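These notes concern the structure reproduced below.
No lab work stands behind these numbers, since they all come straight from the coordinates. The structure displayed is predicted, hence computed values, not measured ones. Methodologically, a virtual Cβ is constructed for each residue, glycine included, from the backbone with ideal geometry; neighbour enumeration extends over all protein chains shown.
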Amino acid sequence: MRETADFDAFYASTSRRVLGQVFMMTGSRAEAEDAVAEAYARAWQQWDKVSGHAAPEAWVRTTAYRISVSTWRKATNRLLAHRRHGQADNVPGLTPDHVALVDALHRIPADQRRVIVLHYYVGMSIDEISQEAGSPVNTVKTRLARARKALASRVSEFADESTSTSGMEARSNA
């Protein structure tokens, strides 16, 4: 219990100061908060070692700074890798239709949204969706029909199918 009290006192007396210092070093409050939180978590895990250090606060500050530098390096390397490999040629831009579709999908219940995406955009059959979702086939069919009906007023792609059952049957047997 003494160990916990010692760490709590250390944290209470140093955390704000260390956060301010790391913020000044990184220039980002959010990045500093993340790094400092991780550094204190590591200090707690190694408190026997850290508490015996000549300057525990310096240990935490150094650890937090190294964490933030590591995060920055990872982000920089990821950006460089994206630039090096270029943008894929087949990535479509955001068209008004795409934005409308995403908006319409967010307006229907999650279970309906899931079956629509799996069926139309992943290309799964009703049976495959049933298996993945852990729902009976008829439940999947019902959710798909309701989703089509809900989307019909917002997305022209589904307007034709909601009025005809042949479109549903053709897709559900896929």
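Applying D = kT/(6 pi eta Rh) to region 7-111, where Rh is the Kirkwood radius over alpha-carbon pairs, T corresponds to 4 °C and eta to 1.567 mPa s, the Stokes-Einstein value obtained is 76 µm²/s. For region 138-144, putting each phi into the Karplus relation 6.51 cos²θ - 1.76 cosθ + 1.60 with θ = phi - 60° gives couplings of 5, 5, 4, 4, 5, 4, 5 Hz, in residue order, rounded to whole numbers and with x for Gly and Pro. Given an 8 Å cut-off on Cα distances and at least 6 residues of separation, report the relative contact order of region 1-154 as a percent. Answer for region 1-154 is 17 percent. Loop-located GluC sites (Glu not before Pro) in region 24-123 (DSSP state not H, G, I, E or B) with no more than 13 neighbouring Cβ atoms inside 10 Å do not occur.
Here is the result for region 1-103: no trypsin sites (Lys or Arg not before Pro) lie in DSSP coil with at most 16 other C-beta atoms within 10 angstrom of their C-beta.
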